[in-house]
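Structure first, commentary second.
FYI, it's all coordinate maths here, none of it is from the lab. Worth saying up front: this structure is predicted, and the values here are computed from it rather than measured. Neighbour counts are summed over all protein chains in view; Cβ atoms, including those assigned to glycine, are modelled from backbone coordinates with ideal geometry.
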Amino acid sequence: MNLISEFRRFFEEQNHTWVKSAPLVPEGDSSVLFTTAGMQQFKPYYSGHPSPYGNRVISVQKCFRADDLDEVGDTTHLTFFEMLGNFSFQYPHGEESYFKEQAIRMGYEFVAERLGLSIEYVTIFEGDEHTPRDTESERLWQALAEEKRITLPIYGENRDENFWGPTGSEGPCGPTSEIYVDGVEIWNLVFNQYYQYRDGTLEHQEQQGVDTGGGYERILAVVEQVDSVFDTSVFATVMEQIENTFPEMSLEYRRVIADHLRSSLFLSADGVVPSNKEQGYILRRLIRKVLSLAGMEKAHLDDLSAIGETLVGLYEDRYPELRDGWSVYTTHLENEFQTFSKALKEGLKQARKMLKTREDNRLTGEEAFQLSATHGLSPELMRFNGIEFDEEAFEQERERHREISRAGAEQKFGGHGLALDTGELKAEDEEEVKIVTRLHSATHLLNQALRDVLEDEVKQKGSDINVKRTRFDFSFPRKLTEEEKQQVEDRVNMFIQSAHDLHVYELPLEEAKQSGAIYLEHESYPDPVKIHQFGYISKEFCGGPHVRNTSEIGTFKIKKEEAVAQGVRRIRGVVE
């Protein structure tokens, strides 16, 4: 099945006009660095401006999101992706415009009847003190299920999950309804009922609109029944080429190279040039990460160019600009190699000078961090060049220094100046540090509770913690029952109430792996490695901050359990 052809055919049958993708760098919208959603180019038409395409349109939009850049390498995260979307403007007065009823029906019929997928359940916005529950969507789903003679569970979700927008600092926004297949959210219907102003206030829009769609790669993973977006037909040829070029490289790093090269190619084709600010900074970061993983050998430039050529061949029918973009991309690659090499040469020179005075032939974490910050000597490049360093202390130093310096970066880069940012943990000030520390310790207990309740099928896939919640991803083949979720929550709280002290100690890496401590199989750890253990209940490899006793955590509550990929579930939890 050609998913994009089926998408276009289905919605053109419903009288939608095809509109080509906008560039990755938004035109006339300085509130965001990149185009992050299909509706971005259509924002004016949700605010009353007439659409030159009519009031029913579809697109496959090139998108780029830098928020999860450091998480690329797992089964789901991408920086560049394509978004399938159908849109309606100017409802109820615009000719052929539509709203919730037709959007819900078309979403169901495309997913279930055209793609032949079995919908597991749908979600709606449950409402809060600011905005009422979306009872209209709930009623429409119930009526559709009755008409189609199917059982269709409908779940209410909170604002974080089922209220979208706006893109940037202001614009159209509204409640959403999501379609899940095999536990994966593959279709999202956004109903733009409101306009949000820069001060956060909402105003009900007289002319309403629909913004509907889903990520191409994510949908394709479900259609093709594979475990990762990198296992889909989109990436098959490139992943094989990377594996043949770098046979000793880990799967995680091969995925990073595939993602970053694809993103670099598309950004280059849309006019982005590597630099030290805004879009250029992101492109430079992508290219230099690839060069670091490839080992900074000039011979690999031809290999990386060849991978880019393969990507052009895969996409140029739909994006002919990539043919010219490929030559621009290879120029960027060569230039970055040259400038990066000079900095690395000086960095390696300094590192070896420092090591001459060391009996253990090892840099401190602080020294390694300074070399990384000033010369781009990344941990991968230090390891590649035989430079040993205190990796745990390096990460601690990076935690203290990781901060975005320029004002307004929260809107544009997805982050801002932080008192704590380990990649997994994020906090703005000391009060928030206390909260995320409690959440971090609760996450360790959650990891163990899931294993106790669901047994050995559970393996951690990642986590992300900020002052509002912990987000924990783990392998499991199905949705948890309400009873199982309650058992997990109760077990975490039992651990908390048992008041277990924290014990921290180091073991040689191989010995630590045999000790029964939990660790991520794909993660790179220092040797020796630090283990954090709460009594007899939880033992994990870890270098982050924790409470001294589980009783300091408070009460743990599971707010949501969902799928993020086939075979991968996600829990969002809070402490009170």
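Which shape class, rounded, prolate or oblate, goes with region 426-575 when its Cα gyration tensor gives a ≥ b ≥ c as root eigenvalues, a/c under 1.5 marks rounded, and past that a/b bigger than b/c marks prolate? It is rounded, given that a/c, with a ≥ b ≥ c, falls under 1.5. Close amide-amide hydrogen proximity is noted between Phe163 and Thr176, each under 5 Å apart and 5 or more residues distant or on a separate chain (H modeled in the peptide plane; Pro and chain starts excluded). Put simply, the amide H of Gly127, placed in the peptide plane, has neighbours under 5 Å in Asp134, leaving out anything fewer than 5 places away on its chain. The overall shape of region 3-223 is rounded: from the C-alpha gyration tensor, with semi-axes ordered a ≥ b ≥ c, the ratio a/c is less than 1.5.
Fully extending the segment from Asp128 to Glu203, taken as 0.36 nm per residue of separation minus the present Cα-Cα distance, adds 25.4 nm. Here's how it looks for Lys560: its modeled amide H is under 5 Å from those of Arg572, which are all 5 or more places away or on a different chain.
Shape verdict for region 162-269, please, from the Cα gyration tensor: rounded (a/c under 1.5), prolate (a/b greater than b/c) or oblate. Prolate. To the nearest Å, what is the center-to-center distance of region 465-535 and region 196-256, using C-alpha atoms only? Measuring centre to centre over Cα atoms gives 28 Å.
Taking the number of Cβ atoms within 10 Å of each Cβ as an exposure proxy, the fewest-first ranking of Glu391, Glu147 is Glu147, Glu391. Across region 132-139, rounded Karplus estimates of 3J(HN,Hα) from the backbone phi angles (6.51 cos²θ - 1.76 cosθ + 1.60, θ = phi - 60°) give x, 4, 7, 5, 5, 4, 4, 5 Hz, Gly and Pro being marked x. Our coupling estimate for region 265-276, obtained by passing each phi through the Karplus curve with A = 6.51, B = -1.76, C = 1.60 and θ = phi - 60°, is 4, 5, 5, 4, 5, 9, x, 7, 10, x, 7, 9 Hz, Gly and Pro reported as x. Dividing the convex hull volume of the alpha carbon atoms of the chain by its residue count gives 155 Å³ per residue. The packing ranking, built from the mean of other Cβ atoms within 10 Å per residue, places the peptides 506-518, 58-70 in the order 58-70, 506-518, highest first. Here Lys100 is the anchor, and the lysines within straight C-alpha reach of less than 24 Å, apart from those fewer than 8 places off in the same chain, are Lys43, Lys148.
In this label model, Arg548 and Asn335 are separated by 5.5 nm, measuring between points 7 Å along each Cα→Cβ vector. Taking θ as phi - 60° and the Karplus parameters 6.51, -1.76 and 1.60, the scalar couplings of region 503-517 work out to 10, 10, 8, 10, 9, x, 3, 5, 5, 4, 5, 8, 7, x, 6 Hz in sequence order, x denoting glycine and proline. Which parts of region 167-196 would a label at Arg159 reach, counting a residue when its backbone N lies under 15 Å from a point 7 Å out along Cα-to-Cβ? Of the residues in region 167-196, 173-176, 194-196 have backbone N under 15 Å from the label point off Arg159. Show which lysines lie in cross-link reach of Lys461 when reach means a straight Cα distance below 26 angstrom and same-chain residues fewer than eight apart are skipped. The reachable lysines, counting only those whose Cα sits under 26 Å from Lys461, are Lys289, Lys426, Lys434, Lys479, Lys485, Lys513, Lys530, Lys539, Lys557, Lys559, Lys560. The three principal axes of the Cα atoms in region 232-411 give end-to-end lengths of 58, 42, 29 Å, sorted in falling order.
Here the relative contact order of the chain, from alpha carbon pairs under 8 Å that lie six or more residues apart, stands at 11 percent.
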